[in-house]
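Structure record follows, encoded as structure tokens.
The values are calculated or read from the model by the stated rules, or taken from the named source; none is laboratory data. Fair warning: this is a prediction, and the values are worked out from it, not measured in the lab. Cβ: placed from backbone, ideal geometry, glycine included. Neighbour counts: every protein chain shown.
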Amino acid sequence: MSKCCGSKEKKLESKDTCKSAKGEKHKETCSSKQGRNGPFAHFKNMIQNCLNYANESKSKGKKIVGIMCEYTPRELIMAAGGIPVCLCGGSVKTIPAAEEHLPSNLCPLIKSTYGYLVKKSNPFLNMADLVVAETTCDGKKKMYELMAESVPMYVLELPQKEDNKDSYNHWLIELRKFKSELENRLGVKITNKKIRDAIKIMNRERALRRNLASFMKLDSPPLTGRELLNFKSSISGICEDFRQYEKAQKILKDEKNKQKQSSKVRVLMTGVPMVYGAEKVIDIVESNGGLVVCMENCTGLKPIFEDVDEDAEDPIEALAKRYFRIPCALMTKNERRLEWLRTMAKEYRPQCIIELIWQACLTYDVEAYKIKRFAEKELKVPYLRIETDYSPSDSAQITVRVEALFETVRGKTKKKS
């Protein structure tokens, strides 16, 4: 694993973030002339960057391991010398092909992901040596049965009960079995040292992303929620990404005191993940007077909110404890989600909450009632539930509802004034 990723420094700002593990300068990506466009442009080109990285890694004999849920510890894949790649589909164009095999009223994320398989149009999936199938919902579980007919797959059974000892113990056993499966499939030995090294890399990545997200706590953030959403990668642990995270942090620090007071409505978004290509709702929100200061979902703060204990005697137990705490709607009860929302609301001070539900995502849809009650009764902020799919056909309707929400927020603000 590259030294540039596994820094032991607690402080994330290095004197020269443009140096590689060998101390070489990265002239193109680290040119001072690029300024703000450097890191922002880098992550706008994220898919191509990841594809280049995957192809180069594959040519060196590394294995590509696809994942489709934040519950899968990337640390174990990295400790096995593999490259963890998120395969969640965000394209509406692949859905018709999927509907030849899957019901049309299924979650668009499931259909889009499977559609890539049918069309053979996802190069990451095409080159995957293994796909980890996480049992998040019934729709995904049944889709995996079809996918397994043409790709090598391992099913990772996720826990269901929050703060339940038996559920946790089962989850710990699942991670130990997953470690053994990776060793057998990839022909390697995963040592505790390799796992700890991977934990350090992932903790560093989480910390870098949290630092960027913390700029949204300001009264006048120097970036938008959409720009922050772009600051993630389909592949974890890429050193150039780390350098660009650090550059972005430095640039935003310089810009934060130059921002004018924002008049936009501060929004906390929760619910389902907004994977690459499926960002229409956040675009609508921020094009109509909103500023998404916090995203609680799996493409936001949820996977980076907590680190893994780097010094634990048993690193797999440390992984199990950390990932068991992810407040996904598959959990019952899912009280931890309310705890995290409470903390995020205090830190990011949203004026309203918007919950995004992908069509037919029953777990989040049922849980939406609790989130609405929590927002309106405890946080005392307006709440809007948006159920949609990847199609742009309902964009105008969503825009009207978002505008009405913001009028309500402004009305409340005037009353308080």
| Quick one: in region 212-237, which of the residues that are hydroxyl-bearing (Ser, Thr, Tyr) and over 18 Å from PRO273 (Cβ atoms) is modelled with the lowest pLDDT? | SER220
| query | Does ARG410 qualify as being surrounded by fewer than 17 Cβ atoms within 10 Å (Cβ to Cβ), touching a residue at least 12 places away in the same chain (Cβ under 8 Å) and not small (Gly, Ala, Ser)? | reply | yes
| note | Requiring at least 1 residues that are among the β-branched types (Val, Ile, Thr) and either under 24 Å from PRO392 (Cβ atoms) or in contact (Cβ under 8 Å) with a residue 24 or more places away in the chain (or both), the helices (runs of 4 or more DSSP H) wholly within region 81-135 are 95-98, 108-119
| Residue check, ILE195 of a type in the set (A, V, I, L, M) and within 18 Å of the chain's Cα centre (by Cα) | no
| field | First in region 312-340 and under 9 Å from GLU162 (Cα atoms), second anywhere and part of a helix (DSSP H, G or I), Cβ under 6 Å, 6 or more apart | value | PHE324/TYR168; PHE324/TRP171; PRO327/ARG336; PRO327/ARG337; PRO327/TRP340
| request: Run down GLU355, GLU376 and say which single residue is within 28 Å of ARG401 (Cα to Cα), in contact (Cβ under 8 Å) with a residue 24 or more places away in the chain and of a type outside the set (Ser, Thr, Tyr). | output: GLU355
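Every residue, every condition in (1) more than 22 Å from ASP389 (Cα to Cα); (2) out of contact with any helix residue (DSSP H, G or I) (no Cβ under 7 Å at 6 or more places or on another chain); (3) β-branched (Val, Ile, Thr); (4) buried (at least 19 other Cβ atoms within 10 Å of the Cβ), yes or no:
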position	(1), (2), (3), (4)
GLU255	yes, yes, no, no
VAL281	no, no, yes, yes
LYS302	no, yes, no, yes
ASP307	yes, no, no, no
ASP311	yes, yes, no, no
LYS333	yes, yes, no, no
GLU355	no, no, no, yes
| task | Residues being in a helix (DSSP H, G or I) and either in contact with a Ser or Thr (Cβ under 8 Å, 6 or more places away or on another chain) or buried (at least 19 other Cβ atoms within 10 Å of the Cβ) (or both): count how many of those fall in region 187-196. | result | 3
